[in-house]
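S.K.: Got a structure here, written out as structure tokens. Questions coming.
The values are calculated or read from the model by the stated rules, or taken from the named source; none is laboratory data. What you see is a predicted model; the values in this text were computed from it and never measured. Cβ placement follows ideal geometry from the backbone for every residue including glycine, while neighbour counts extend to all protein chains displayed. Remember, those area values only see protein heavy atoms, side chains included, never the ligands or the DNA or RNA. Shrake-Rupley method; radii C 1.70, N 1.55, O 1.52, S 1.80 Å.
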Amino acid sequence: MNTMKAVICTRYGGPEVLQLADVPKPHAKKDEILVRIRATAVNSGDVRVRGLQVEGVMKVIMRLVLGVRKPRKPILGTVFSGIVESVGEDVSNFKPGDEVFGMTGFQFGTYAAYIAVKAKGNVLPKPHNASFEEAAALPFGGQTAIYFLEKAKLTAKVHPEVLIYGATGSVGTAAVQLAKYFGAKVTAVCSSGGSDLASRLGADHIFTYDTQEFTQLPQRFDLFFDAVGKTKKRSVEHLLKPKGLYLSVAGLDYASENIAQLELLKELFEHHGYDAAIDRIYPIADVVAAHKFVDLGHKKGNVILQI
Ligand SMILES: NC(=O)c1ccc[n+]([C@@H]2O[C@H](COP(=O)([O-])OP(=O)(O)OC[C@H]3O[C@@H](n4cnc5c(N)ncnc54)[C@H](OP(=O)(O)O)[C@@H]3O)[C@@H](O)[C@H]2O)c1
């Protein structure tokens, strides 16, 4: 049997439940491409699934959806960049050797040497100027941020004033750059340790939540977007203009991926100086250390695994 190296999640728990193993190598079905993965990322969603990090009744729901004692899909990871190794007989939009990037979402499976994905799914040619590491950093935070900013109908407003709370996470770093691209005036709220990054990403104003009381800000906003899910609407709604909108990643709304979001990220990286905001890069053998770091909740942007 053909095998490949992958990281499997042996049960729910701390980072040490992750183990390198030999597993069956997938093959491309007729509408799929087989990708030799070069880089993936350790995202907040991965550590949440690994540790079943949700409260109350959500724990029960998550076990039902993902697997009772351990994830039913044992290979975690939702983003990838790599090289097409083979294509199914019905595939005409990719060929072996193409460099690609994408996101599998709830299909997981990217902490592995290979993955087979639908050729017409959430996968595109990699931005030509991106490294594999940069390409793997784009989809998770980027597609989530686009989903929420589009939901806020940001492009329908002229120079909207936007506050991005938690501007230095994977979603936050993307949201700052995307809001700027959509023409917004952006106020970023982050810790003092993140202010250099927020400034590099183009924020117009930066408020450091550990030294300043951001709820006392004199400005009023068209959109308050909490990109880390740490605020409550009732505590910050006085910062909104009369028709202003509060959105948070912590609500019941789950971002859904589509190819237009991925195309926008590719375009921004190739032509508009979009920053992949990479914090650390680990070899796949150090996946436990990478998860320990992400578990701390203070990563600045994205944490990448090289495969
Ligand atoms: N609804 C959805 O569809 C969806 C999709 C993706 C993600 N999410 C959720 O969105 C959240 C963020 O995801 P992510 O991947 O961007 O997380 P992340 O990258 O792990 O976020 C870490 C960042 O948050 C900052 N942070 C931590 N505590 C903070 C606080 N109290 N105030 C402001 N900033 C704080 C940290 O910087 P400092 O510690 O230096 O402040 C760090 O830069 C997660 O809870 C995730 O589950 C939801």
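S.K.: With the other protein chains left in place, how much accessible area per residue, in square angstrom, belongs to the chain at a 1.4 angstrom probe?
M.R.: Value returned for the chain: 46 Å² of accessible area per residue.
S.K.: While we're here: Under 20 Å Cα to Cα from Lys300, which lysines show up? Leave out anything in the same chain fewer than 8 places away.
M.R.: Within the straight-line limit of under 20 Å, Lys300 reaches these lysines: Lys180, Lys230, Lys292.
S.K.: Please report the accessible area of Glu16 (heavy atoms, 1.4 Å probe, ligands and nucleic acids excluded) in Å², nearest 10.
M.R.: Accessible area, nearest 10 Å²: 110 Å².
S.K.: Heavy atoms only, probe 1.4 Å: what % of the accessible area of the chain goes to carbon and sulfur, would you let me know?
M.R.: After summing per-atom areas, the C and S share lands at 53 percent.
S.K.: Treating only the Cβ of Lys, Arg, Asp and Glu as charged (+1, +1, -1, -1), what charge dipole size does the range 141-248 show about its Cα centre? Round to the nearest 20 debye.
M.R.: 380 debye
S.K.: May I pose another question? So how much accessible area does Val54 have, in Å² to the nearest 10, using a 1.4 Å probe?
M.R.: 20 Å²
S.K.: Give the shape of the range 221-307 as rounded, prolate or oblate, defined through the alpha-carbon gyration tensor: a ≥ b ≥ c are the square roots of its eigenvalues, a/c under 1.5 means rounded, and otherwise the shape is prolate if a/b is larger than b/c and oblate if not.
M.R.: Oblate, because a/c is 1.5 or more while a/b does not exceed b/c.
S.K.: Which is farthest toward the positive dipole end of the range 223-307 among Phe293, Leu240, Asn258, measuring Cα position about the Cα centre, with Cβ charges +1 (Lys, Arg) and -1 (Asp, Glu)?
M.R.: Result: Leu240, furthest along the dipole toward the positive end.
S.K.: Let me ask something else about it. Take the alpha carbon gyration tensor of the range 141-248, find the square roots of its eigenvalues, order them as a ≥ b ≥ c, and report rounded if a/c is under 1.5; if not, report prolate when a/b exceeds b/c, else oblate.
M.R.: Rounded shape, in that the Cα axes give a/c under 1.5.
S.K.: So, one more: For the chain, what is the charge dipole size about the Cα centre, in debye to the nearest 20, if Lys and Arg each add +1 at the Cβ and Asp and Glu each add -1 at the Cβ?
M.R.: Once rounded to the nearest 20, the dipole reads 880 debye.
S.K.: Please give the solvent-accessible surface of Thr144 in Å², to the nearest 10, using a probe radius of 1.4 Å with every protein chain present.
M.R.: Its accessible surface works out to 20 Å², give or take rounding.
S.K.: Using a simple spin-label model with points 7 Å from Cα along the Cα→Cβ vector, what separation in nm is obtained for Thr208 and Ala260?
M.R.: Label-label distance for Thr208 and Ala260, simple model: 4.0 nm.
S.K.: Now for a different question. So if each residue of separation counts as 0.36 nm, and I subtract the Cα-Cα distance between Lys157 and Asn2, what length gain in nm does that give?
M.R.: Computed gain between Lys157 and Asn2 is 50.4 nm.
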